[in-house]
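What follows is a short report on a single structure.
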Amino acid sequence: MKKSLLVASTFLFGISGAAFANEAPTFAEADMDSNGTLDVRELREALPELELENTATSTVTTADVKQVLPEVDFDDEDVVNARPIREEQYDQIVDAINNGRDNATVSSVE
Ligand SMILES: [Ca+2]
């Protein structure tokens, strides 16, 4: 029972992920608590294809995202200093995901 529910919800989640793959939510939509940064829950909800690892806290930083999305165009300094995900970084993540999709040959971790 539990397993079939999980399969069903995974399937549905996959569909909804694909449905808005073409158009990521805006930063304001993604930032559900309007605190100016995206935590792991908000970022996963906004960009399910990002496949973020579970982090020790709900905080997500540029360094965390860089690990799962190496092609993202963050400033090196931002990555080294593990900045929180604000609107600018979010836009860079969305760009990187969109570029990866356009190139079709996603050469990420295999
Ligand atoms: Ca937030």
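May I ask you to list pairs of residues, at least six apart or on different chains, whose Cβ atoms are under 7 Å apart, with the first in region 37-54 being small (G, A, S) and the second being in a helix (DSSP H, G or I) and near the ligand (Cβ under 9 Å from one of its atoms)?
Short answer, once both residue conditions are applied: A46/A30.
Take the residues of region 46-77 that are in contact with a strand residue (DSSP E or B) (Cβ under 9 Å, 6 or more places away or on another chain) and part of a helix (DSSP H, G or I): which is surrounded by the fewest Cβ atoms within 10 Å (Cβ to Cβ)?
D64
Somewhere in region 61-71, is a residue at pLDDT below 90 and away from the ligand (no atom under 16 Å from the Cβ)? Reasoning before the result, please.
Start the filter on region 61-71 by keeping residues that are at pLDDT below 90, which leaves none.
No: region 61-71 contains no residue that is at pLDDT below 90 and away from the ligand (no atom under 16 Å from the Cβ).
Would you check if M1 is more than 22 Å from N99 (Cα to Cα), among the aliphatic types (A, V, I, L, M) and at pLDDT 95 or above? Steps first, answer last, please.
On the way: more than 22 Å from N99 (Cα to Cα): yes; among the aliphatic types (A, V, I, L, M): yes; at pLDDT 95 or above: no.
Against the criterion (more than 22 Å from N99 (Cα to Cα), among the aliphatic types (A, V, I, L, M) and at pLDDT 95 or above), M1 does not qualify.
Please work out if T37 is surrounded by 14 or more Cβ atoms within 10 Å (Cβ to Cβ), polar (S, T, N, Q), within 16 Å of the ligand (Cβ to nearest atom) and at pLDDT 95 or above. Break it down into steps so the answer makes sense when it comes.
Numbers: surrounded by 14 or more Cβ atoms within 10 Å (Cβ to Cβ): yes; polar (S, T, N, Q): yes; within 16 Å of the ligand (Cβ to nearest atom): yes; at pLDDT 95 or above: yes.
Yes.
The values are calculated or read from the model by the stated rules, or taken from the named source; none is laboratory data. The structure presented is a predicted model; accordingly, all values stated were derived computationally and were not measured. Positions of Cβ are backbone-derived with ideal geometry, glycine not excepted, and every protein chain shown enters the neighbour counts.
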